[in-house]
């Protein structure tokens, strides 16, 4: 599986220190070009503005604010633009970005040193303010575009992973149905025929007159009984198994839930517990339910928090996965809902109840309720 993300663009592969050095160098050139006739204070502010650009990735807002004095005292553009672009790339607060653009336009348009202005000068100051404000929109919009592209790349990767997992769950559900059908055929047809063989061999053992015939009938009856036991064992295995390569790889159990939650990439809290003596099929059903629910949270509710609650009560036990409403909008992608269908089918094999649906606060809840006598 491959996905094109923002990290694959050529400029993203340039080392960060190299980019920082280039940004500082261009800012220094811009300052030197406009430094003629400036005061000592202006030179200090210009040096500060160029120096702090190296830390703009870690402290974008503070760096931008430190470039404003130099913008007020000198006719420089690059240093505040670079800081404003970095801030827009990392911040999702559009009000803050609007205020910062206004501050830059005000600092650039205000004449230095501050003294009384004539009416004509005030008019041109206002014109220059709006012109600079329109210019400041460029780094803000570009930074927001880079941020949106990066988020989109990450979302595409998450969606591809969720689709791959959904396809895997669907294939497991199909395999489980095929194995259940095969188990029924073995139980209804093969077991019946072998039972008839055992009955006929028993009758022959009783009716046979010579010892050799009775020994042969006894052997046939004994082999038939052993075959029936093996068939019952195979039918139980086919009904219990639902994943691919069941005999080759260990299936997940309750012991794997903590790792599943911590590696889900979602802010998830695991609470409660389950009895330690529940059967392996039920443990696997609980694990798959949590796995599918967290996958759906990552796919359909970006930014939401999830809670995985394990519970048990007299006669029943199960798991409830609840997530809050998403904090970011999700992409409107079609879904086959095969994951939830597979979970409902898996619950049916255990005589359990599977429920899913939205909550009143905009989140979603998935519940698996297993009877205590149906977990084997």
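The values are calculated or read from the model by the stated rules, or taken from the named source; none is laboratory data. Small disclaimer: the values here were computed from a predicted structure and weren't measured. With ideal geometry, Cβ positions are generated from the backbone for all residues, glycine too; neighbour counts draw on all protein chains shown.
Taken across the range 38-56, residues that are surrounded by 15 or more Cβ atoms within 10 Å (Cβ to Cβ), under 22 Å from residue 151 (Cβ atoms) and without any contact (Cβ under 8 Å) to a residue 60 or more places away in the chain do occur, with at least one present.
So for the range 271-290 (the condition being part of a strand (DSSP E or B), touching a helix residue (DSSP H, G or I) at 6+ places or on another chain (Cβ under 6 Å) and at pLDDT 85 or above), does at least one residue qualify?
Filtering the range 271-290 for residues part of a strand (DSSP E or B) gives 271-272.
Now restrict to residues that are touching a helix residue (DSSP H, G or I) at 6+ places or on another chain (Cβ under 6 Å): none.
Within the range 271-290, none of the residues are part of a strand (DSSP E or B), touching a helix residue (DSSP H, G or I) at 6+ places or on another chain (Cβ under 6 Å) and at pLDDT 85 or above.
If you go through the range 122-150 and keep only what is without any contact (Cβ under 8 Å) to a residue 24 or more places away in the chain and within 23 Å of residue 329 (Cβ to Cβ), you end up with 145, 148.
Quick check, is residue 307 modelled with pLDDT of 90 or more and assigned by TED's automatic domain parsing to the domain that holds residue 345?
Working: modelled with pLDDT of 90 or more: yes; assigned by TED's automatic domain parsing to the domain that holds residue 345: yes.
Spelling it out, residue 307 is indeed modelled with pLDDT of 90 or more and assigned by TED's automatic domain parsing to the domain that holds residue 345.
Can we say residue 233 is surrounded by fewer than 13 Cβ atoms within 10 Å (Cβ to Cβ), modelled with pLDDT under 75, within 41 Å of the chain's Cα centre (by Cα) and assigned to a helix (DSSP H, G or I)? Spell out how you get there, then give the answer.
Working: surrounded by fewer than 13 Cβ atoms within 10 Å (Cβ to Cβ): yes; modelled with pLDDT under 75: yes; within 41 Å of the chain's Cα centre (by Cα): yes; assigned to a helix (DSSP H, G or I): yes.
Yes: the conditions hold for residue 233.
State yes or no: is residue 137 under 30 Å from residue 64 (Cα atoms), modelled with pLDDT of 75 or more, in a helix (DSSP H, G or I) and touching a helix residue (DSSP H, G or I) at 6+ places or on another chain (Cβ under 8 Å)? Against the criterion (under 30 Å from residue 64 (Cα atoms), modelled with pLDDT of 75 or more, in a helix (DSSP H, G or I) and touching a helix residue (DSSP H, G or I) at 6+ places or on another chain (Cβ under 8 Å)), residue 137 qualifies. Sort through 18, 31 and tell me the only one that's assigned to a helix (DSSP H, G or I) and surrounded by 13 or more Cβ atoms within 10 Å (Cβ to Cβ). None of the other options fit; the residue is 31.
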